[in-house]
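The structure under discussion appears below in the form of structure tokens.
The values are calculated or read from the model by the stated rules, or taken from the named source; none is laboratory data. Keep in mind that this is a model prediction, so the values were computed, not measured. A quick note on method: Cβ atoms are made from the backbone with ideal geometry, for glycine too, and the neighbour counts reach across all protein chains shown.
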Amino acid sequence: MTCTLIIATYNWPQALELVLISVSKQTIIPDEIVIADDGSTKETLDVIKKVTKNLNLPIKHVWQEDQGFRKTKILNKSFAIAKGEYIVQVDGDIVLHKKFVEDHLGNARPNIFLHGSRSFLNSRLSQKSINERITSFNFFEKGLTNRWNAIYFKPLAMFARPNKSLKKTRGCNFSCFKKDFLLTNGYNEDMIGWGKEDTELSARLINNNILKKQLKNCALSYHLEHQTFERKGLNKNIKILENTILKKEKYCENGVAKYIS
């Protein structure tokens, strides 16, 4: 089964470089990487060119003009060109445990989408990790919060059961079969601005009887601390989500289909 890793990024090339370094240390390397770039400046492209020389796999850079937070649009464009049968999606501030891709692929099943575990690095540890190229963390690490999620214990994944809960749905550590993504028409581009786009997609997947499986202490990731995005547009996005849940929507009209020839 072929795998594409999609990394969403915006104007933090130092963090993106660290994420790509963590990709190079994976026990299973994806078949390709797609960088979903929501309008970054040239510094991000420079990082991609630099890292491409050290990673022996295709890296595609999908860029759009910076017109505010349009993550749904750039992710749809990236999914559209992805060649992998299975897609793993992360954000450009998410450092990957060395078995991250292996765990997502190892738990991939028909009619299931996955979310993995996430810990948080405080500002000091985030900056140290970037400066010193640190990609491995443990339970006792100073500056690590939500540290129980930093314990790697793969057998716990066996107890995870598919469910219809929308709690803890997060696009920063997510995977699904590309065909399932296309079935829903992908991210809803009516959702402009930060927030709830990943939950709304999850709702439509579930409405199509594609259930969520939450991997505990498996598919670990580490979130670098950064300034939070302006939450402009969140109220509109919440209303779209509520409508999707209420009407049990399975498909969004303004989605990925327009990018597929």
*Could you check, for the stretch 62-83, whether at least one of its residues is surrounded by 23 or more Cβ atoms within 10 Å (Cβ to Cβ), within 15 Å of Thr2 (Cα to Cα), in contact (Cβ under 8 Å) with a residue 24 or more places away in the chain and within 13 Å of the chain's Cα centre (by Cα)?*
yes
*Ile206 is checked against (1) touching a helix residue (DSSP H, G or I) at 6+ places or on another chain (Cβ under 7 Å); (2) at pLDDT 90 or above; (3) of a type in the set (Val, Ile, Thr) and fails just one. What number does that condition carry?*
(1)
*Ser117 touching a Lys or Arg at 6+ places or on another chain (Cβ under 7 Å), surrounded by 14 or more Cβ atoms within 10 Å (Cβ to Cβ) and of a type outside the set (A, V, I, L, M, F, W, C)*: yes
*Which one is modelled with the highest pLDDT, of the residues in the stretch 111-170 that are among the aromatic types (Phe, Trp, Tyr) and either touching a helix residue (DSSP H, G or I) at 6+ places or on another chain (Cβ under 6 Å) or over 30 Å from Leu241 (Cβ atoms) (or both)?*
Phe113
*Please work out which one of (1) of a type in the set (A, V, I, L, M, F, W, C); (2) out of contact with any strand residue (DSSP E or B) (no Cβ under 9 Å at 6 or more places or on another chain); (3) modelled with pLDDT of 95 or more; (4) crowded, with 16+ Cβ neighbours inside 10 Å is the condition Cys218 fails and give its number.*
(3)
*Can you tell me which residue within the stretch 3-43, out of those that are of a type in the set (Ser, Thr, Tyr) and either buried (at least 19 other Cβ atoms within 10 Å of the Cβ) or in contact (Cβ under 8 Å) with a residue 40 or more places away in the chain (or both), is farthest from Lys77 (Cα to Cα)?*
Thr27
*Please find, within the stretch 224-261, the residue that is modelled with the lowest pLDDT out of those that are surrounded by 15 or more Cβ atoms within 10 Å (Cβ to Cβ) and among the polar types (S, T, N, Q).*
Asn237
_Subset of the stretch 143-190 (residues that are among the hydroxyl-bearing types (Ser, Thr, Tyr), closer than 26 Å to Leu224 by Cα and in contact (Cβ under 8 Å) with a residue 60 or more places away in the chain)_ = Tyr152, Ser175, Tyr187
*Could you please find all residues in the stretch 87-102 being in contact with a Lys or Arg (Cβ under 7 Å, 6 or more places away or on another chain) and surrounded by 21 or more Cβ atoms within 10 Å (Cβ to Cβ)?*
Ile87
